[in-house]
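*Asks:* Shown below is the structure under consideration.
The values are calculated or read from the model by the stated rules, or taken from the named source; none is laboratory data. Computed from a prediction, not measured in an experiment: that's the story for all the values here. Neighbour counts are summed over all protein chains in view; Cβ atoms, including those assigned to glycine, are modelled from backbone coordinates with ideal geometry.
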Amino acid sequence: MKSITSRLVGASDGCMTVPSGAVLTGTIEVPFDLEIRGQFDGEARAQRITVNAKAEVSGDLIAHKVVVAGKLTDGTIYADKVVLEQGSAVECAVYYAEIDIREGAFFEGKSRRHEAPTTLAPTLDEEEATA
């Protein structure tokens with residue numbers, strides 16, 4: 001297992017990456033893009049979240065745009081635009097303003113259209129109060 005602490009700090013190029021081979025559990029909140037190449041279990045908030053083809057994610061993703069090419073289970077996507085790429089496997093709830101499910105993508109779960117889906121996501125303060 002790789003330590004990713006040093007790679008998560010700074011993100012000078014405007015994109016934070018969870019590298020392949022890394023395993024991360026917890027909460028990520030960044031004001032720029034997030035790319036997940038490894039394994040992530042928790043909650044992620046960013047402008048854009050990309051789940052790469054070999055990535056495995058379990059948890060909630062909250063962003064303006066979420067693109068999934070890998071595996072996402074046991075969570076919820078809250079995004080204005082959601083793209084499920086060919087070869088993706090998504091088993092979760094999806095709240096979206098616009099969704100694009102490409103040929104060859106697998107989706108099983110609840111989907112609901114909403115004008116402002118990110119407003120439906122629980123806030124970090126609400127989550128801490130119930131923990």
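*Asks:* Suppose we filter region 42-68 for residues that are in contact with a strand residue (DSSP E or B) (Cβ under 8 Å, 6 or more places away or on another chain) and under 14 Å from Ser20 (Cα atoms); how many remain?
*Replies:* 6
*Asks:* Among the numbered criteria (1) touching a His at 6+ places or on another chain (Cβ under 9 Å); (2) without any contact (Cβ under 8 Å) to a residue 24 or more places away in the chain, which single criterion is violated by Pro19?
*Replies:* Condition not satisfied by Pro19: (1).
*Asks:* Continuing with this model, one more query. Tell me which residues, restricted to region 48-68, are part of a strand (DSSP E or B) and farther than 10 Å from Ile36 by Cβ.
*Replies:* Within region 48-68, Arg48, Ser58, Gly59, Asp60, Ile62, Ala63, His64, Lys65, Val66, Val67 meet the criteria.
*Asks:* Something else: Looking at (1) loosely packed, with under 14 Cβ neighbours inside 10 Å; (2) modelled with pLDDT under 95; (3) under 24 Å from Ala116 (Cα atoms); (4) of a type outside the set (Ser, Thr, Tyr), which is the one condition that is false for Gly10?
*Replies:* Unmet for Gly10, out of (1) loosely packed, with under 14 Cβ neighbours inside 10 Å; (2) modelled with pLDDT under 95; (3) under 24 Å from Ala116 (Cα atoms); (4) of a type outside the set (Ser, Thr, Tyr): (3).
*Asks:* Would you confirm whether or not region 112-123 contains a residue that is crowded, with 20+ Cβ neighbours inside 10 Å, within 14 Å of the chain's Cα centre (by Cα), assigned to a loop (DSSP other than H, G, I, E, B) and touching a residue at least 60 places away in the same chain (Cβ under 8 Å)?
*Replies:* Yes, there is a match, as at least one residue in region 112-123 is crowded, with 20+ Cβ neighbours inside 10 Å, within 14 Å of the chain's Cα centre (by Cα), assigned to a loop (DSSP other than H, G, I, E, B) and touching a residue at least 60 places away in the same chain (Cβ under 8 Å).
*Asks:* Does Tyr95 qualify as being crowded, with 19+ Cβ neighbours inside 10 Å, over 15 Å from Thr123 (Cα atoms) and in contact with a His (Cβ under 9 Å, 6 or more places away or on another chain)?
*Replies:* It is true that Tyr95 is crowded, with 19+ Cβ neighbours inside 10 Å, over 15 Å from Thr123 (Cα atoms) and in contact with a His (Cβ under 9 Å, 6 or more places away or on another chain).
*Asks:* Oh, and also: Taking region 23-36, which residues are crowded, with 16+ Cβ neighbours inside 10 Å and either touching a Ser or Thr at 6+ places or on another chain (Cβ under 6 Å) or part of a strand (DSSP E or B) (or both)?
*Replies:* Leu24, Ile28, Asp33, Leu34, Glu35, Ile36, listed by residue number.
*Asks:* Can you give me the number of residues within region 70-88 that are within 19 Å of Glu103 (Cα to Cα), surrounded by fewer than 20 Cβ atoms within 10 Å (Cβ to Cβ) and in contact with a Ser or Thr (Cβ under 8 Å, 6 or more places away or on another chain)?
*Replies:* Qualifying residue count, region 70-88: 1.
*Asks:* Looking at this structure, is Gln39 polar (S, T, N, Q), at pLDDT 95 or above, in contact with a strand residue (DSSP E or B) (Cβ under 8 Å, 6 or more places away or on another chain) and crowded, with 17+ Cβ neighbours inside 10 Å?
*Replies:* Taking the combined requirement at face value, the residue satisfies it.
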